[in-house]
Structures are given as structure tokens and as C-alpha cells.
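First comes the structure, then the notes that go with it.
The values are calculated or read from the model by the stated rules, or taken from the named source; none is laboratory data. All values reported here derive from a predicted model rather than from experimental measurement. A quick note on method: Cβ atoms are made from the backbone with ideal geometry, for glycine too, and the neighbour counts reach across all protein chains shown. Surface accessibility is based on the protein's heavy atoms, side chains included, excluding ligands, DNA and RNA. Shrake-Rupley method; radii C 1.70, N 1.55, O 1.52, S 1.80 Å.
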Amino acid sequence: MILTRRKALQVGAAGAGGLLLSGCDALNDSQTFKDGLAGVGRLHELTQRAIIGDSLAREFTEADMSPVFKANGSLRVPDPAYRALLAGGFNHWALRVDGLVHRPLALPLSALQVMPQRTQITRHDCVEGWSAIGKWQGPQLGAILSAAGLMPGARYVVFHCADKLEGKPFYESIDLVEASHPQTILAWRMNDAPLTEPHGAPIRLRVERQLGYKQAKYIMRIELRESLAGLYGGKGGFWEDNRGYQWWAGI
Ligand SMILES: Nc1nc2c(c(=O)[nH]1)N[C@H]1C(S)=C(S)[C@@H](COP(=O)(O)O)O[C@H]1N2
Ligand SMILES: [Mo]
């Protein structure tokens, strides 16, 4: 289904009203807490999440914004299909939302741009030892998931990206708690200008309570899944599969 402008406005209204209603079933299911308690990373996750609850990441003012925001990881996407979309100003691009949803979506950039927007000035922390404060704008991920309608089995939100690293497709994932957090947005604007290629055009994830490597750039498709097993290396992200980074990257 292609979302029209009118439909996108309805989506926005639905998203603002009841965030992720169908997601609550999955959240209340204690199976999440029975999964993999053995790992230290998991224990850290549960401890930290019990403390942070639904807290907001710190937001800053315009005066705090970094004069230079480093780009990291992929800076350019060689894939010919991506290059054609970029050359066309992403007018022929649509974000696919599929997997365990009642209504698979194909959302053009214009639809994402007319949904209710959130703007936030936050600090990005990369594990490689640098931070930068930038301004991000875009619709809340929760509103988009509400529009797609989560099936009861949906537990993870996977972001499939246009770039490859070391010949492997880049992907990342978060769970429904992070996905429905108010500061979790699909940013198409950075520092008051459309996202540039180095920073992830046409859209990138901002999941503000997590480290830099979770902030997936070049998102082409969002897939709702019950499990991360069987997807690439099975650990939920490129860095998790190939560098041993923790899936839970809470700051
Ligand atoms: N698709 C994709 N997303 C990605 C990466 C990447 O290489 N490819 N690198 C990650 C890392 S490690 C960081 S620190 C941030 C960097 O975002 P920036 O380039 O806007 O600074 O993007 C993250 N998201
Ligand atoms: Mo990073």
C-alpha cells in the first residue's frame, strides 16, 4: 500500500493517540525476560532498563550544537539502485514496512515529512571515542508502527540499510520498548537541512538512549520479527555479528 498525503495525516493522528497498542501484548509477555538471562550483557540490559524506565535522553539547546558533526562508518553507498534514488532526490524511494504487520506499508519521503514531526537536539556517542551534538527531525517510529499494525508475535524492529561493510549488508535492530520511546524517530533532517549522504540519506534512525552504532543510516526497509535468530549472524546487527558489540547499547 502506498501512503498518500491524506493517509499519512491519518497515520500521524493515530500515532499520537495510541502508541503501539498492539505492541503492548508483546511487551507484557514475560517471555522476553526469560530469554537469555545467562549473558552478562543481558543482565546489564535488564538492570539498566529497570533503572531508566521510560526516561528521556538529555536534550540540548541550539547553542550546544557541535560546529562539526563527524560522519562515521559508511560515508557513501556504492549500490547502483541507491545512487539512482539519490540522484533523483529520493522522489522514487519508499520506505517499506513489512514482516509481522497487518498492513505492509510503502512510505514515500513526502509521507514521512507530513506526519507529525519531532525535533530533538541530542548527543551522539560513538564507541570509537567521539561525541557530537546535533539536531534531528522526523516522525516518531511508534506512529509508523501503529499505522502498520503490529501482529502479536512482533518483538523486534529490524532496519535494513542500503550499504554494505566488508561485503555484508548493514542492518540493526531494536525492541518494541525502544521503538515506542518518544525520542525514537526516523530522521530525514539534520541541523535544519535534509540528511546528506554521509549522515544516512534519505532517513536514519535516532534512538537516543543508545550508542552511535545503533543509529542506522540509509534505511530502506523496516521488518518486524519475532526473533533475531536466522537473520545474518543472528545477533541483531552488523557490529554485533562482526565485532562482538553488545546488542543492548544503552548509554
Ligand atoms: N547504515 C549504516 N548505519 C550506521 C553505520 C554504518 O556504517 N552504516 N555506522 C554507525 C556508527 S558506528 C555510527 S557512530 C553512526 C555515525 O553516524 P554519522 O555518520 O551520522 O556520524 O552511524 C551508525 N549507523
Ligand atoms: Mo560508532
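Write out, first by first residue and then by second, each pair whose Cβ atoms fall under 6 Å of each other, whose residues are 6+ apart or on separate chains, and whose first residue, in region 64-87, is away from ligand 2 (no atom under 13 Å from the Cβ) while the second is among the acidic types (Asp, Glu).
Between residues of region 64-87 that are away from ligand 2 (no atom under 13 Å from the Cβ) and residues that are among the acidic types (Asp, Glu), the close pairs are Val77/Asp163.
Failed condition for Phe90, given (1) more than 16 Å from Arg204 (Cα to Cα); (2) more than 16 Å from ligand 2 (Cβ to nearest atom); (3) surrounded by 12 or more Cβ atoms within 10 Å (Cβ to Cβ), with all others met?
In the conditions (1) more than 16 Å from Arg204 (Cα to Cα); (2) more than 16 Å from ligand 2 (Cβ to nearest atom); (3) surrounded by 12 or more Cβ atoms within 10 Å (Cβ to Cβ), Phe90 misses (1) alone.
Taking the residues in region 112-121 that are of a type outside the set (Val, Ile, Thr) and part of a strand (DSSP E or B) as candidates, determine which candidate is nearest to ligand 1 (Cβ to nearest atom). Full working, then the answer.
So the first thing to find is which residues in region 112-121 are of a type outside the set (Val, Ile, Thr), and the list is 112-113, 115-118, 120.
Then keep just the ones that are part of a strand (DSSP E or B); that gives 117-118, 120.
Details: Gln117: 19, Arg118: 18, Gln120: 15 Å.
My answer is Gln120.
Answer with yes or no whether Glu223 is within 11 Å of ligand 1 (Cβ to nearest atom), acidic (Asp, Glu) and farther than 18 Å from Arg118 by Cβ. If you could, list the steps in order and put the result at the bottom.
On the way: within 11 Å of ligand 1 (Cβ to nearest atom): no; acidic (Asp, Glu): yes; farther than 18 Å from Arg118 by Cβ: yes.
In short, no.
Collect the residues in region 25-59 that are at pLDDT 50 or above and in a loop (DSSP other than H, G, I, E, B), keeping them in residue-number order. Give the steps one after another, and end with the answer.
In the first step, residues of region 25-59 are kept if they are at pLDDT 50 or above; the result is 39-59.
Selection gives Gly39, Gly53, Asp54, Ser55, Leu56, Ala57, Arg58, Glu59.
Tell me which residues, restricted to region 207-228, are aromatic (Phe, Trp, Tyr) and open to solvent by less than 10 Å² (accessible area, probe 1.4 Å). Let's see the steps before the verdict.
Step one: filter region 207-228 for residues aromatic (Phe, Trp, Tyr), giving 213, 218.
Result: Tyr218, single match.
Only one of (1) farther than 24 Å from Gly53 by Cβ; (2) within 15 Å of ligand 2 (Cβ to nearest atom) fails for Ala193. Which number is that?
It is condition (2) that Ala193 fails.
Among the candidates Gly142, Gly244, which residue alone is more than 9 Å from ligand 1 (Cβ to nearest atom) and free of Cβ contacts under 8 Å to residues at least 40 places away in the same chain?
Gly244
For region 60-85, name all the residues that are in contact with a Pro (Cβ under 8 Å, 6 or more places away or on another chain) and assigned to a helix (DSSP H, G or I).
Quick first cut of region 60-85, residues in contact with a Pro (Cβ under 8 Å, 6 or more places away or on another chain) only: 71, 75-76, 85.
Leu85, the sole residue that qualifies.
Name the residue, out of Leu186, Leu224, Leu205, that is within 16 Å of ligand 2 (Cβ to nearest atom), in contact (Cβ under 8 Å) with a residue 60 or more places away in the chain and assigned to a strand (DSSP E or B).
Working: Leu186 fails: within 16 Å of ligand 2 (Cβ to nearest atom); Leu224 fails: within 16 Å of ligand 2 (Cβ to nearest atom).
Selected residue: Leu205, the only one of Leu186, Leu224, Leu205 that is within 16 Å of ligand 2 (Cβ to nearest atom), in contact (Cβ under 8 Å) with a residue 60 or more places away in the chain and assigned to a strand (DSSP E or B).
Against the condition away from ligand 1 (no atom under 16 Å from the Cβ), in contact (Cβ under 8 Å) with a residue 12 or more places away in the chain and within 26 Å of Gly233 (Cβ to Cβ), how does Met151 come out, does it pass?
Working: away from ligand 1 (no atom under 16 Å from the Cβ): yes; in contact (Cβ under 8 Å) with a residue 12 or more places away in the chain: yes; within 26 Å of Gly233 (Cβ to Cβ): yes.
So Met151 fits the description; yes.
Could you look through region 122-139, keep only residues that are out of contact with any helix residue (DSSP H, G or I) (no Cβ under 9 Å at 6 or more places or on another chain) and not hydrophobic (A, V, I, L, M, F, W, C), and pick out the one that is nearest to ligand 1 (Cβ to nearest atom)?
Only one residue tops the list, namely Gly129.
Take region 122-150 and flag every residue that is of a type in the set (Val, Ile, Thr) and either open to solvent by less than 40 Å² (accessible area, probe 1.4 Å) or part of a strand (DSSP E or B) (or both).
First pass over region 122-150, keeping only residues of a type in the set (Val, Ile, Thr): 122, 127, 133, 144.
Across region 122-150, the qualifying residues are Thr122, Ile133, Ile144.
Picking from Glu178, Glu172, which residue would you name as being buried (at least 20 other Cβ atoms within 10 Å of the Cβ), part of a strand (DSSP E or B) and among the acidic types (Asp, Glu)? Write out each step before concluding.
Working: Glu178 fails: part of a strand (DSSP E or B).
Of Glu178, Glu172, the one residue that is buried (at least 20 other Cβ atoms within 10 Å of the Cβ), part of a strand (DSSP E or B) and among the acidic types (Asp, Glu) is Glu172.
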